[in-house]
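Written below as structure tokens is the structure these notes are about.
The values are calculated or read from the model by the stated rules, or taken from the named source; none is laboratory data. Treat the numbers as computed from the prediction; the structure is a model and nothing was measured. With ideal geometry, Cβ positions are generated from the backbone for all residues, glycine too; neighbour counts draw on all protein chains shown.
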Amino acid sequence: MTAAREPALLTAPVEDYLKAIYELERSGNAAGTNEIAAALRIAPASVSGMVRRLAEQGWIEHEPYRGARLTDQGRRAALRTLRRHRVIESYLARALGYPWDRVHGEAELLEHAVSDELVDRMAAAIGEPETDPHGAPIPARDGTMDERRLSSLDDLPPGAKVRVQRVEDNDPERLRYLAELGIRPGARVTVGARAPFGGPIALLVGRTERQVGPELARHVLVAPIATTHRRKNRD
């Protein structure tokens with residue numbers, strides 16, 4: 001196998017591929033050619049050649065018709081790119097006042113140009129955030145990251161009480177609409193009745209009643225609200 005280059009020398013397209021494969025692998029399955037193409041918004045025919053090169057260089061393991069998986073080195077490189085992306089988003093939002101629907105596009109451009117040292121300084125300047133403005137966990141300097149699997153609002157039964165952990169960040173219009181509904185990381189949500197045949201889902205967001213469609217609900221990731229039980233004093 002050809003020895004891979006150091007991650008710092010990776011080109012922007014390769015970093016984009018490794019980051020996309022990492023995100024696709026989080027479902028538990030290998031990343032298929034069509035899935036990678038959809039994630040990167042390119043033609044599937046363009047993916048095959050790059051996948052072969054990434055495998056030859058040791059960044060991924062690839063089996064025809066079964067998909068691609070990151071090697072340990074590929075995973076480390078993907079997490080470094082994710083760290084740069086999410087720290088940049090956080091810095092733009094916290095230090096420069098960018099709205100959350102604009103930081104993703106800016107970070108996509110800047111993540112390939114900044115050094116790890118600059119990213120570390122940016123993170124320190126805003127208090128070492130653990131998540132980006134959309135709730136996605138930020139990989140630590142050592143490459144560790146909270147990788148818990150989260151449920152989406154669309155997965156939950158009526159009566160579920162949850163806190164929004166993360167919203168997918170690749171559509172600015174969707175982010176603006178979610179903000180109007182008050183659905184941001186940290187928001188408390190109670191799931192109400194679901195209309196049949198793919199109809200809207202009733203929600204209580206804080207104390208405000210809302211309705212969202214299943215498609216939108218799939219982009220909102222949540223975790224159960226922990227309940228505490230107080231012991232009754234018996235005097």
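Details
One line per residue, one yes/no per condition, for (1) β-branched (V, I, T); (2) surrounded by 19 or more Cβ atoms within 10 Å (Cβ to Cβ); (3) out of contact with any helix residue (DSSP H, G or I) (no Cβ under 8 Å at 6 or more places or on another chain):
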| residue | (1), (2), (3) |
| --- | --- |
| E147 | no, no, yes |
| R163 | no, no, yes |
| P172 | no, no, no |
| R176 | no, no, yes |
| I183 | yes, yes, yes |
| V189 | yes, yes, no |
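- In the range 122-133, the residues that are buried (at least 20 other Cβ atoms within 10 Å of the Cβ) and farther than 27 Å from D72 by Cβ: P133
- Restricting V162, V103, V119, V114 to residues that are within 15 Å of A217 (Cβ to Cβ) and either among the β-branched types (V, I, T) or in contact (Cβ under 8 Å) with a residue 40 or more places away in the chain (or both) narrows the list to V162.
- Extreme residue, modelled with the highest pLDDT, among residues of the range 206-217 that are in contact with a strand residue (DSSP E or B) (Cβ under 9 Å, 6 or more places away or on another chain), outside any strand (DSSP E or B) and closer than 16 Å to K161 by Cα: A217
- Condition met for A20 (buried (at least 17 other Cβ atoms within 10 Å of the Cβ), within 19 Å of the chain's Cα centre (by Cα) and without any contact (Cβ under 8 Å) to a residue 12 or more places away in the chain): no
- Set A68, A78: member being buried (at least 21 other Cβ atoms within 10 Å of the Cβ), among the aliphatic types (A, V, I, L, M) and assigned to a strand (DSSP E or B): A68
- G67 among the small types (G, A, S), closer than 21 Å to P44 by Cα and not assigned by TED's automatic domain parsing to the domain that holds G182: yes
- Test set (1) in contact with a strand residue (DSSP E or B) (Cβ under 9 Å, 6 or more places away or on another chain); (2) aliphatic (A, V, I, L, M); (3) more than 18 Å from R184 (Cα to Cα) - L110 fails condition number: (1)
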